[in-house]
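Written below as structure tokens is the structure these notes are about.
Laboratory data are not the source of any read-out in this text; all were calculated from the coordinates shown. Note that the coordinates shown come from a computational prediction; the quantities given were computed from them, not determined experimentally. Virtual Cβ from ideal backbone geometry, glycine too; neighbours counted across all protein chains shown.
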Amino acid sequence: MKTNAFFLGKGGVGKTTMSAAFALSLARSGKRVLVVSLDPAHNLGDVLDAKLGDKPIQVEGGLYALEVDLSSWVKRYLDESREELRTTYSYNLTLNLDSFFDIMKYSPGTEEYAMLWAIENIRCNLAGDYDYVVYDTPPTALSLRFLAMPAISQLWIAELTKLRERILSKRSTITRINPTSPVASSCVDKKDDKVYGKLGSINRRLTDLSSLFGKESYIAVVLNPDVLSVSEAIRIKEELDRIKMPLSGLCLNKQGVSTSAWSIDKRLAAPPLFEFSFMKGGLHKRDDLGTIDTKALVADFLAAGTAEKGLA
């Protein structure tokens, strides 16, 4: 069942406005909705006319909102990783973990994993209080990386698990041949091995996130009728296809952006297209979001969720 919606797209096309209007429409139809900003340059609070933090606050009626503090999640991810390494390799006193993690905070993948664990926290600890969770995403590059991270990481975990199994098997063989070997004091059974257990735990977390993105989410791309945003939308669709994640719909912010003749690129012809007329004068209060007609988009989202439930 699709209980989550992600709005992707090039910066400036209207992702925040679209996700906020969509969430507001759902909430005003009687649903409890949590709208989440994942973009480090948060604008969701401005659009909703509310002061947001990293805890959900009630904006109105059934609408709640929060802005993920990515820097705090990066710190949390690194602190947890540091503690796990300290515990696992406590015998190696020469390992300078602090210097290692000072560098790691700038390493590729750190932000993406921190984003994943923030989303996992919302899924496990917050989503149960709401009917739906709506995500306003960061710029395309970071969004595509964190969406792809579970599938990519699971490939690494599978190979590391096989390697750990071979190590444990060799330890077991050495112990049988020479019970007095130093290896005899090491763990040789998978069920007792902390490293093997940790790999299994990470794999289960990644599997849950893969299910969230691929099966439980409606993924929409917001675009304008211009070359740059259309090219970005095509790239998003191609990347989603590679990681076997369906694109659910296209949200075209057409009016007020361009008056020239325009038609959808054939590479974007498969998903349903929803056209919107965002206000030329901009948003001034929350109720302005209600003037954006999201009925067709909301209906498609709810129908997708119903179809998934029926198939289940």
Among L212, I174, A233, the residue whose Cα sits farthest towards the positive end of the charge dipole of the chain, when +1 is placed on the Cβ of each Lys and Arg and -1 on the Cβ of each Asp and Glu, is I174
Between the Cα axis of helix 70-88 and the main Cα principal axis of the chain, the angle (0 to 90°, nearest 10) is 10
Rounded to one decimal in nm, the spacing of the 7 Å Cα→Cβ label points at R28 and L273 is 2.7
A chain fully extended from D241 to D265 at 0.36 nm per residue, minus the present Cα-Cα distance, gains in nm 7.0 nm
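So if each residue of separation counts as 0.36 nm, and I subtract the Cα-Cα distance between K190 and I234, what length gain in nm does that give? Before the final figure, lay out the partial values.
Details: separation 44, 0.36 × 44 = 15.84 nm, distance 4.49 nm.
Stretched out fully, the K190 to I234 stretch lengthens by 11.4 nm.
Rounded to whole Å and sorted largest first, what semi-axes of the equivalent ellipsoid does the C-alpha gyration tensor of the chain yield via the square root of 5 times each eigenvalue? Mind showing how you got there, number by number?
Working: eigenvalues 378, 84, 67 Å².
Taking √(5λ) for each Cα gyration eigenvalue gives 43, 20, 18 Å.
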In nm, the gap between the two label points placed 7 Å beyond Cα toward Cβ at T175 and A141 is 4.8
